[in-house]
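Novice: Take a look at this one; I'll ask things after.
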Amino acid sequence: MKRIACLARLAYLVSPVPRAVRRCTSAVVLVAAVSSCATTGAPGGAMRSRTVGTDDRVVVRRHTDVLAVAASTRLVFALSTQGLLVYDRVLARWRAPSTRVHDDLELAGVTQLRTAVLAADPIEEAVWIGVPGAVVLYRAQVEQVQRIAVVGQPELIAFARGGGDAYVRASGQWLRISRAGFVMPLADGIGNVPLVQPPRLGDVYEQYPALRGQLPFLLRDDVAPAGGFASVTSGTLSPDQSSEVWIGTRSEGLWRVDANFMRAERLRYGLLDDMIGAVALGGGGVWTAGQGLTRGGGLTFVRNDLQRFAWVDGGASAVFAGVRATALAVRASRVWSGTDRGVVRVHLNATPDATPEVTRWGALHGLPSELVTAIVPRDNGAWVATSRGLAFILDTSTNRSVRTDAITVAFVGQPVRSLLRVAETLLIGTNDGVYILAAREPVGDGGRAPPRRVLSTQPALGRPVQALASSDSLLLIVTDRRAIVLSLREAIGPARPPARGRVDSLVSRELIPERELAIVGTVVAAAMDARSIWIAGTRGVLAMARDGGVLRVISVGSELPGDVTALALDDEWAWVGTNNGLVRVRRAREGGLP
């Protein structure tokens with residue numbers, strides 16, 4: 001009966017029902033038909049279609065520079081150089097940006113702008129954006145983007161009193177634009193039509209003159225670039241609470257200001273550098289480090305729910321300026337960043353607004369090379385892989401009193417590509433395979449057993465190792481041609497038993513041959529947990545369940561905005577670093593790609 005009902009609903013959509021009636025009801029019927037069909041594939045409704053939400057794949061970009069701000073009854077719209085941000089002022093939270101909406105706005109010309117005109121709609125939760133040659137209307141409630149072509153550059157967007165049509169002045173010509181997108185040139189101007197112009201920064205200063213001199217101090221941020229002042233670019237007033245002021249800045253994002261009590265609150269969203277070099281999990285989210293090609297550069301913390309962002313740029317030392325991150329690791333309150341100019345350790349403070357302690361080590365401090373490829377932190381230091389050997393940095397800093405030594409322990413003059421710590425063992429990926437070493441903190445070279453090579457029946461292990469990962473009783477080794485899974489017991493000796501007594505069928509065999517691995521290009525990272533295995537390459541990311549199943553791939557260009565540079569997994573999300581932003585992907589039930 002369910003199948004008959006399903007077919008009947010679908011047949012209705014193509015039946016000769018009058019067009020006016022079908023237009024009103026077809027959408028509802030289609031949803032009901034698809035819903036019914038999705039549950040009739042097996043007894044008891046075993047085959048169910050998965051609902052794909054708008055936040056299953058979200059791209060986070062650099063939104064430090066806000067060009068224009070507009071506020072509606074509920075929402076605040078902030079236009080940055082990388083796109084449109086939406087903040088719900090009632091719920092006090094950011095709305096997760098839909099990738100589809102961002103793509104539509106990008107096609108409409110709303111990204112990579114240097115100047116912009118923004119106006120919140122007085123009737124609906126929508127915003128009008130003036131871009132060269134067009135006015136773009138974005139309706140937030142239904143996530144609809146509408147581009148309306150005009151001649152010239154819009155200079156002003158206003159509305160007829162009472163919530164009528166929009167009146168746009170573009171290149172000296174007034175245009176009347178209806179909400180349906182019809183454009184009517186007004187040769188004689190607007191006449192006697194009473195217009196309502198959304199408040200801008202000049203209106204803020206006119207209503208609150210004291211803000212003109214006080215704003216730079218209210219927006220003062222101890223962790224701002226070089227401890228300086230935020231540069232104000234735009235501002236507006238809330239329509240129902242005039243003392244609530246919204247300020248856009250250059251380099252410090254969006255701020256909310258209470259004009260009556262002279263208080264300011266940062267509302268950061270996005271990355272300091274969207275050209276990502278490395279990522280690492282920590283603190284209920286992920287840390288990212290950039291490639292040093294944007295102004296300043298630095299570290300960004302992104303919470304899993306995309307509601308909290310922290311920026312660390314090194315303060316007055318500008319230690320991240322022009323530095324490309326190659327590795328990142330987090331342990332307790334320390335964030336270790338490997339770069340092409342050595343190692344940078346950021347000691348975070350308990351107070352969010354306090355300036356973090358930043359320390360750098362390079363070749364002058366004893367590192368074999370300043371080009372770092374991997375980092376494994378410990379409580380009092382970190383193992384550091386470089387292009388010319390392996391080192392351990394002993395870090396006993398307390399309250400800015402620093403005593404450090406860099407001790408080279410192995411592979412002097414040889415490139416080390418990757419590191420992985422398993423219990424008290426350090427696995428070292430090199431050009432000719434994997435070596436293991438006791439991971440205890442070194443106090444010198446005397447008495448230390450030399451590294452020994454991981455032996456296996458797999459001849460491919462003699463190839464250059466691109467990435468290492470482990471979980472439970474398994475070790476994943478990704479070379480330049482193969483992805484191989486070994487038993488940890490086989491590789492390093494006795495290990496913990498598999499979780500819940502499971503026996504994994506992937507032990508000691510080639511997991512992904514060269515042909516399939518080549519799909520993602522040059523491998524840059526790998527990750528593994530109890531559910532799935534992920535491998536990231538410059539051209540995409542592939543994932544497969546630990547217990548077998550279909551190999552799934554997301555590729556650059558279609559699902560990813562740029563070349564892949566890094567990868568990290570937590571229970572619910574996969575974080576993919578690219579050359580054009582950080583991608584948060586919701587993991588499927590089996591742990592792989594949705």
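Novice: At R0 = 41 Å, how high is the FRET efficiency between residue 107 and residue 349 if r is their beta carbon distance? Nearest 0.05 is fine.
Specialist: Taking R0 as 41 Å, the efficiency between residue 107 and residue 349 is 0.45.
Novice: Then there's this: For the stretch 238-298, would you read off the P(r) tail past 17 Å as a percentage of all alpha carbon pairs?
Specialist: Tail of the P(r) past 17 Å holds 56 percent of the pairs.
Novice: Would you mind getting me the FRET efficiency between residue 265 and residue 452? Use the beta-carbon distance for r and R0 = 60 Å, nearest 0.05.
Specialist: 0.60
Novice: So between residue 73 and residue 480, what do we pick up on full extension, going 0.36 nm a residue minus the alpha carbon distance?
Specialist: That works out to 141.0 nm of additional length.
Novice: At 1.4 Å probe size, put 528, 275 in order of accessible surface, largest to smallest.
Specialist: From most exposed to least exposed: 275, 528.
Novice: Measuring from a point 7 Å past the Cα of residue 165 along Cα-to-C-beta, which residues in the stretch 107-124 have an amide N at less than 12 Å?
Specialist: The answer is none, because no backbone nitrogen lies closer than 12 Å to the label point.
Novice: Also, I was wondering about something else. What distance in nm separates the two pseudo spin-label positions at residue 363 and residue 293, each 7 Å out from Cα along the beta-carbon direction?
Specialist: 2.5
Novice: A further question follows. Residue 114 versus residue 183, label points 7 Å from Cα toward the beta carbon: distance in nm?
Specialist: Each label point is offset 7 Å from its Cα along the Cβ direction, giving 2.3 nm.
Novice: Right, another one. Give me the number: length gained by fully extending residue 100 to residue 380, i.e. 0.36 nm times residue separation minus the C-alpha to C-alpha distance, one decimal in nm.
Specialist: Answer, rounded to one decimal: 96.3 nm.
Novice: Tell me the carbon and sulfur percent of the accessible area for the stretch 90-200, rounded to whole percent, probe radius 1.4 Å.
Specialist: That share works out to 53 percent.
Novice: Could you please state, rounded to a whole Å, how far the C-alpha centre of the stretch 322-388 is from the C-alpha centre of the stretch 138-159?
Specialist: 46
Novice: Per residue, what accessible area does the stretch 94-209 have, given a 1.4 Å probe and all protein chains present, in Å²?
Specialist: 49
Novice: Just by accessible area at a 1.4 angstrom probe, what is the order of 174, 534 from largest to smallest?
Specialist: 174, 534
Novice: Fully extended, how many nm does the chain gain between residue 550 and residue 144 (0.36 nm per residue separation, minus their Cα-Cα distance)?
Specialist: Extra length from residue 550 to residue 144 when fully extended: 142.7 nm.
Novice: Note down the nm distance, to one decimal, between modelled labels 7 Å out along Cα→Cβ at residue 432 and at residue 522.
Specialist: 2.3
Novice: Express in Å², to the nearest 10, the accessible area of residue 188 obtained by rolling a 1.4 Å probe over the protein heavy atoms while all chains stay in place.
Specialist: About 150 Å², rounded to the nearest 10.
The values are calculated or read from the model by the stated rules, or taken from the named source; none is laboratory data. This structure is a prediction, so every number in the text was calculated from the model and none was measured. All Cβ positions, glycine included, derive from the backbone under ideal geometry; neighbour counts span all protein chains shown. We work out accessible area using only protein heavy atoms, side chains counted, and drop any ligands, DNA or RNA first. Shrake-Rupley method; radii C 1.70, N 1.55, O 1.52, S 1.80 Å.
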